[in-house]
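The numbers here are math on the coordinates, done by the rules we state, and not lab data. Everything quoted here is computed from the prediction, not taken from an experiment. When we count neighbours, we look across all protein chains shown, and the Cβ atoms used for this are built from the backbone with ideal geometry, even at glycine.
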Amino acid sequence: MLTSEERLIAIIQNRVGRHLRVSPQSSIAMDLGLDGSDAYELIAEISKEFNVDFSDIDSQYFNDDFTLSAGFAFLVLSPVVWPMMFLLGKGKKKELFVSDLLDAVDRGYWLAPDRPALFPWQRKRISYK
């Protein structure tokens, strides 16, 4: 019988594909590339599979799809946009790791970890093969 960690990693691995290594230390957005509706669909699948209440998870972890689309449009203007975002504190998101989801599965409900919000360039990618 599979452990909850093995089941959770299998669910995430099926969603992101075999080209990425999923581990408890993987960041959902930065390492696995799940953001916006993709991330929320993963959370919904985990909630259903493990009967975990994730109703308190909010937009401090993921961008919405409009923000993602607008972000690509502003990429050309990045020399102007990124400094403005930095000065205004916009674009910061908290990291969400597979281990955070595993803790929620073990606990039976979501409890937000206490960590600061960071800009994308302040985060590290760690889980590529």
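Brief remarks on what is shown
- Taking amide H as placed 1.01 Å from N in the peptide plane, Phe97 has its amide H under 5 Å from the amide H of Ile28, each at least 5 places away in sequence or on another chain.
- Scoring 97-108, 9-20 by mean Cβ neighbours within 10 Å over their residues and listing the highest first yields 97-108, 9-20.
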